[in-house]
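This report refers to the structure that appears directly beneath it.
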Amino acid sequence: MIAVPDALNNLLLTSDQLVVVDCYEITLQDGTVIRWTSADAPVTVVIAGLTTMFNVGPIITRNNIKLVIGVQVDSLNLTIIADDTVTIGSIPLIKAAVSGRLDGASVRLYRAYAADWTSGWAGVLTRFAGTVADVSGGRSHLEVKVNNHLQLLNTQQPVRSYQAGCTWTLYDTACGTAKRTTTGAVTLVMQRWSFQTSINGDISTAAGSGSSAVSLGVVLQGGQLKFTSGKNAGFTYPVKAWSSNTATLLRPAGLEVAVGDTFQVTWGCDKTIRVCEAVYANKANYGGFPFIPAAETAIPV
């Protein structure tokens, strides 16, 4: 059931003509909140008891959405037209978006209602809420697909499965281990996705009891590298590989990487009991079944 403020309910029941505008609230994974409206002037409304202002943003068009009874996953497709004056932080919106800044962002679509342009806004209705699933674009526009939060129900059942690898997500409640990070700087750039760093991945991590030490490169591989300076500051990229002092990203950095750019790498995990024990000393919380026999292979004779 959609909750409707009393003032808006009265307006909908008594008015034959209404002013209706879209309001978009985008929350990035780093906590940054962006609020835009399709109106020609800022819109100030009350949401959950808090006065909230939506600023005039880029031109945004969207597909029609529908409300149904039952559980049905819908998607919101946005087309955003913007120039370099529309930015996220100091980076133009389109460059930031195609570099991954919008990945996993939470999007809410509100509709604000008023009797006319001169009267105050009577209230808003939440029309859609979801997570950014795909971003593509050109020189002056973005195509953003947002999936309804109901997609989270599309999970494998049962959640636990019998397998050698750990089923927990690293650093979540079930895993229970503390987050580990390493800081460094770029020393030589080969490509936007491959560069040498001040971090030597061949050194050993601190080992837990009962297992041999693991090299730092093993846990940096699969980690998350976040630039803290340079043109890519604030952007995070998954690490594909870490060999000696060379980092290889899963996808190219959105902007140029330069010598001296600093970064922080959050360690990853290959889901084996060896890394769980040797690196994180967390064997008690291991979520896999390491002694399950490997699948047998039939060999013709």
Residues that are in contact with a strand residue (DSSP E or B) (Cβ under 6 Å, 6 or more places away or on another chain) and either open to solvent by 50 Å² or more (accessible area, probe 1.4 Å) or closer than 17 Å to N282 by Cα (or both), drawn from region 182-199: T183, T187, L188, V189, W193, Q196, S198
Of the residues L153, L170, only one is in contact with a Cys (Cβ under 7 Å, 6 or more places away or on another chain), aliphatic (A, V, I, L, M), open to solvent by 20 Å² or more (accessible area, probe 1.4 Å) and touching a residue at least 60 places away in the same chain (Cβ under 8 Å); which? L170
If we take region 1-64, then strands (runs of 3 or more DSSP E) inside it with 1 or more residues that are without any contact (Cβ under 8 Å) to a residue 24 or more places away in the chain are 33-37, 50-56, 59-62
Collect the residues in region 130-148 that are in contact with a Lys or Arg (Cβ under 9 Å, 6 or more places away or on another chain) and either farther than 22 Å from R111 by Cβ or open to solvent by 20 Å² or more (accessible area, probe 1.4 Å) (or both), keeping them in residue-number order. A133, D134, V135, S136
All-but-one check, G268 against (1) under 21 Å from the mean Cα position of the chain (by Cα); (2) not in a loop (DSSP other than H, G, I, E, B), failing number (2)
Which condition does K179 not pass, out of (1) under 24 Å from S243 (Cα atoms); (2) surrounded by 11 or more Cβ atoms within 10 Å (Cβ to Cβ), if it passes all the others? (2)
In region 218-262, how many residues are touching a Ser or Thr at 6+ places or on another chain (Cβ under 6 Å), open to solvent by less than 20 Å² (accessible area, probe 1.4 Å) and part of a strand (DSSP E or B)? 1
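The values are calculated or read from the model by the stated rules, or taken from the named source; none is laboratory data. Keep in mind that this is a model prediction, so the values were computed, not measured. Neighbour counts are summed over all protein chains in view; Cβ atoms, including those assigned to glycine, are modelled from backbone coordinates with ideal geometry. Remember, those area values only see protein heavy atoms, side chains included, never the ligands or the DNA or RNA. Shrake-Rupley method; radii C 1.70, N 1.55, O 1.52, S 1.80 Å.
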